[in-house]
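To keep things clear, I will list the structure first and then write my remarks on it.
The values are calculated or read from the model by the stated rules, or taken from the named source; none is laboratory data. Here the structure is a predicted model, which means the values were calculated and not measured. Methodologically, a virtual Cβ is constructed for each residue, glycine included, from the backbone with ideal geometry; neighbour enumeration extends over all protein chains shown.
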Amino acid sequence: MADFFHQNLSYFLSGISVGGQYALIAIGYTMVYGILRLINFAHGDVFMCAGLMMVYLSSSLPFAISIPLVLILTVILGFAIERVAYKPLRSAPRMSVMISAIGVSYLLQNAALYFTGGLARVYPEIPVLSASVVIWDAPTRVVTLVTPFLTLVLVILLSLLIKHTKIGMAMRAVSVDFETSQIMGIKINKVISMTFMLGSLLAAVASFLYFTNYASVTPTSGSMPGLKAFVAAVFGGIGSIPGAVIGAFIIGICENIIKGGASIFGIPGSGWTTFSDAFTFAFLIIILIVKPTGLFGEKSVDKV
Amino acid sequence: MFEIKGLSVNYGGIEAVRDISLSVPAGSIVTLIGANGAGKSTTLRTIAGLVKPKAGKIEFEGEDITGKDPAYIVGKGITLVPEGRRIFPNLTVLENLKIGAYLRNDSIEEDLERVYRLFPRLRERSWQYGGTLSGGEQQMLAVGRALMSKPKLMMMDEPSLGLAPLVVKDIFSIIERVNADGVTILLIEQNANMALKVADIGYVMETGQIMLSGKGSDLINDEGVRKAYLGG
């Protein structure tokens, strides 16, 4: 048993690490859904934009400035997207907002295409995070070890914010009843903006961790992690933050176990890595059939 | 203290309120009675700022508050206990009360204590989720939540709806107690009998218009009102 773990440790490690990165992205999906009942398809692309901003900013600025700057700019980007593309559609049917979200997604990808010229940009090596370490004979990077802990710390902070602060209480109120929240004096638009900003902030953190591992950013870099984080959010029960986090870790770990299939299951073959993505989406289909509300999802009561 | 002049509101494609005028003197209980669909709720929702009026003027303490947003109106001291109570089911009882004081930055301890004294049941259940309360308890919570904003005018939309007769009696005695504490009340009811008994002034609304008004005790004896709303 110990031998088995020893041999396949690198797969488990990267599973936990990727899981944490998906979790940070998935929270953005699930929080926005919780409040607006909107799948924010542009969220994965916000994550990609954070990666690109880092590429460009770090080329001329030291990390001590470029990292906080990326965080701030991503938050502003999330805020601006909500204001421009979703807020004017507040009383429109949900489908219109979703189409607007798809539009924003393509807009961001095309803007990225314009700036990068379609070439993959090399992600800077962030000191400490990109350093190599060897754990129990498994070579990996520091980021792999940092990710799960950083994810947990951020999730705990977020839970405290939602559970114990005034704005958190307002977020919970708005998520069940817009109108009654308004007559309490809550400014709905402020709360919604806050939700988008928090989601974007976490996506920016995820981008540091994710791209340090993958080393390059392309205009479509956000789609696959975004999609998987979305699957994670659905698996956990969309609208639930703990659900999204647990779902993301499960998906990250499963995906990497499949990638290591040749050695983990002892069945040789080169198809394992190829099919790891297919696995994720097959998994989504099964969840939707077996338990449409996900692990911790609310019962499907339509908002009245 | 509070006055509506020539208010008209379009709602859901129809003219739900047509050119109504009414006034609420400070410290009084005023009731607006009428059948379903008469435009009572729309009137309250317009005052609260949830619906924008088509024409007319709403004045509170001499200030024109027509068409202002809900947060501004709550801040001015007008609160609404909505129809169907609309407790936040995913917030605890205590949080439901705290959220009533959302706009306040001063200490709310004293008012919390006052609400708990008024409704001891809420103190016992302060850690329970709002969604687990019974209908009567939820109505108490809705009133308590509204009081937490330190209102000068409390509007109530059908507080007796769906409650057992005994609970309804409780709710009305609470309305009178809150009023005795100096809060002006604007009450909407289909239960016209109860409403007119506690009200100083009553208005009768029909298809978006005010048909009749007068002292509560006069209206309760009015032949037309008796026939239409009090079952003969």
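Residues that are more than 14 Å from chain A (Cβ to nearest Cβ) and crowded, with 17+ Cβ neighbours inside 10 Å: which helices (runs of 4 or more DSSP H) entirely in region B:14-129 hold 1 or more of them?
Numbers: elements: B:40-48, B:70-76, B:93-100, B:109-118, B:120-124.
Correct list: B:40-48, B:109-118, B:120-124.
Every residue, every condition in (1) in contact (Cβ under 8 Å) with a residue 60 or more places away in the chain; (2) farther than 23 Å from A:L77 by Cβ; (3) more than 14 Å from chain B (Cβ to nearest Cβ), yes or no:
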site: A:V174; (1), (2), (3): yes, no, no
site: A:M184; (1), (2), (3): no, yes, no
site: A:F196; (1), (2), (3): yes, no, yes
site: A:L201; (1), (2), (3): yes, no, yes
site: A:V205; (1), (2), (3): yes, no, yes
site: A:S216; (1), (2), (3): yes, no, yes
Tell me, which helices (runs of 4 or more DSSP H) lie completely within region A:205-274 with 1 or more residues that are closer than 22 Å to A:L9 by Cβ? A:241-259, A:261-264
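Condition first: on the phi > 0 side of the Ramachandran plot and at pLDDT below 95. Can you find one or more residues in region A:108-119 that meet it? Spell out the reasoning first.
Here is the first cut: in region A:108-119, the residues on the phi > 0 side of the Ramachandran plot are A:117-118.
So of that shortlist, the ones also at pLDDT below 95 come out as A:117-118.
Yes: region A:108-119 contains one or more residues that are on the phi > 0 side of the Ramachandran plot and at pLDDT below 95.
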Only residues in region A:47-72 that are part of a helix (DSSP H, G or I) count as the first member; pair them with residues that are among the basic types (K, R), Cβ under 9 angstrom, at least 6 apart or cross-chain, and list the lot. A:G51/A:R121; A:L52/A:R121; A:V55/A:R121; A:Y56/A:R121
One residue is enough: does region B:1-18 have a residue meeting the conditions more than 24 Å from A:N189 (Cβ to Cβ), among the aromatic types (F, W, Y) and in contact (Cβ under 8 Å) with a residue 40 or more places away in the chain? yes
For region A:127-150, indicate whether the set of residues that are without any contact (Cβ under 8 Å) to a residue 40 or more places away in the chain, within 14 Å of chain B (Cβ to nearest Cβ) and not in a strand (DSSP E or B) is non-empty. no
Checking B:A142 against (1) assigned to a helix (DSSP H, G or I); (2) farther than 16 Å from B:I78 by Cβ; (3) of a type outside the set (K, R); (4) touching a strand residue (DSSP E or B) at 6+ places or on another chain (Cβ under 6 Å), the condition it does not meet: (2)
Taking helices (runs of 4 or more DSSP H) that fall entirely within region B:190-232, which contain at least 3 residues that are in contact with a Leu (Cβ under 8 Å, 6 or more places away or on another chain) and under 23 Å from B:T42 (Cα atoms)? B:192-198
For residues that are part of a helix (DSSP H, G or I) and either in contact with a helix residue (DSSP H, G or I) (Cβ under 7 Å, 6 or more places away or on another chain) or surrounded by 16 or more Cβ atoms within 10 Å (Cβ to Cβ) (or both), tally how many sit in region B:145-169. 5
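Does region A:219-239 include one or more residues that are within 14 Å of another protein chain (Cβ to nearest Cβ) and either surrounded by fewer than 21 Cβ atoms within 10 Å (Cβ to Cβ) or in contact (Cβ under 8 Å) with a residue 12 or more places away in the chain (or both)? Lay out the reasoning, then the answer.
Of the residues in region A:219-239, the ones within 14 Å of another protein chain (Cβ to nearest Cβ) are A:239.
Subset that is either surrounded by fewer than 21 Cβ atoms within 10 Å (Cβ to Cβ) or in contact (Cβ under 8 Å) with a residue 12 or more places away in the chain (or both): A:239.
Yes, region A:219-239 contains a residue that is within 14 Å of another protein chain (Cβ to nearest Cβ) and either surrounded by fewer than 21 Cβ atoms within 10 Å (Cβ to Cβ) or in contact (Cβ under 8 Å) with a residue 12 or more places away in the chain (or both).
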Scan region A:109-118 and give yes if some residue there is within 14 Å of another protein chain (Cβ to nearest Cβ) and assigned to a helix (DSSP H, G or I), otherwise no. no
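Which of the residues that make up region A:112-129 are in contact with a strand residue (DSSP E or B) (Cβ under 6 Å, 6 or more places away or on another chain) and not hydrophobic (A, V, I, L, M, F, W, C)?
First pass over region A:112-129, keeping only residues in contact with a strand residue (DSSP E or B) (Cβ under 6 Å, 6 or more places away or on another chain): A:120-123.
Scanning region A:112-129 gives A:R121, A:Y123.
Just checking, how many residues over region A:151-172 are within 14 Å of another protein chain (Cβ to nearest Cβ) and either touching a helix residue (DSSP H, G or I) at 6+ places or on another chain (Cβ under 6 Å) or under 23 Å from B:G75 (Cα atoms) (or both)? If you could, list the steps in order and put the result at the bottom.
At the first step, the residues of region A:151-172 found to be within 14 Å of another protein chain (Cβ to nearest Cβ) are A:162-172.
Add one more test, that the residue is either touching a helix residue (DSSP H, G or I) at 6+ places or on another chain (Cβ under 6 Å) or under 23 Å from B:G75 (Cα atoms) (or both), and what stays is A:162, A:165-172.
Qualifying residue count for the region: 9.
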Limited to region B:170-201, what total is found for residues that are under 18 Å from B:A228 (Cβ atoms) and free of Cβ contacts under 8 Å to residues at least 40 places away in the same chain? 4
